[in-house]
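Participant: Can you keep this structure in mind? I'll have questions shortly.
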Amino acid sequence: MRKFFTAAVLIPLGVAFVVFAVANRHRVTVSFNPVDPSDPALSMSPPLFVVIIAVAMLGVVAGGMATWFRQRHWRRAARQHEADARAARAQLADLRAGAAPGRYGPPRLAAPLREGAGYGAGGRDKQGATL
């Protein structure tokens, strides 16, 4: 299903690029000299569609880099949380290994409370339920 939607977007986009390229084949002069735009050493004459597609690609790359740099805080936090989780898993494994019942004999249970000990008269809580 995902491949279908990808194809449904990419095929019309490719057709639009081809139509755009055929319609804009005339050459334009691009100069990189702001002082003397007519200087042929720092100018070139590519087709218009090449200029527009190149500028669009540079915009996508620049936007991707800007987004990547802005998200560095979240990547750093994710790495820190992953390290904390890994340390917690290791500590839990050590605690479980230390609390294994076969190591020091069977686990001992706490002694039962005496009648009336701890919760008022008769071993009942405030609502009167027997403990």
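Participant: Given the criteria at pLDDT 90 or above and exposed (fewer than 10 other Cβ atoms within 10 Å of the Cβ), does ARG70 qualify?
Facilitator: Working: at pLDDT 90 or above: yes; exposed (fewer than 10 other Cβ atoms within 10 Å of the Cβ): yes.
The answer is yes for ARG70.
Let's see how each residue does on (1) open to solvent by 60 Å² or more (accessible area, probe 1.4 Å); (2) more than 23 Å from ALA16 (Cα to Cα); (3) modelled with pLDDT under 95:
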{"residue": "PRO34", "(1), (2), (3)": "yes, yes, yes"}
{"residue": "ASP39", "(1), (2), (3)": "no, yes, yes"}
{"residue": "LEU42", "(1), (2), (3)": "yes, yes, yes"}
{"residue": "PRO47", "(1), (2), (3)": "no, no, yes"}
{"residue": "ALA54", "(1), (2), (3)": "no, no, yes"}
{"residue": "VAL61", "(1), (2), (3)": "yes, no, no"}
{"residue": "ALA66", "(1), (2), (3)": "no, yes, no"}
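Participant: Taking the condition modelled with pLDDT of 85 or more and part of a loop (DSSP other than H, G, I, E, B), does ARG25 pass?
Facilitator: Against the criterion (modelled with pLDDT of 85 or more and part of a loop (DSSP other than H, G, I, E, B)), ARG25 qualifies.
The values are calculated or read from the model by the stated rules, or taken from the named source; none is laboratory data. Keep in mind it's a predicted model, so treat the numbers as computed, not measured. Using ideal geometry, Cβ is built from the backbone for each residue, glycine included, and neighbour counts are taken over all protein chains shown. The accessibility values were calculated without ligands, DNA or RNA, using every heavy atom of the protein model including side chains. Shrake-Rupley method; radii C 1.70, N 1.55, O 1.52, S 1.80 Å.
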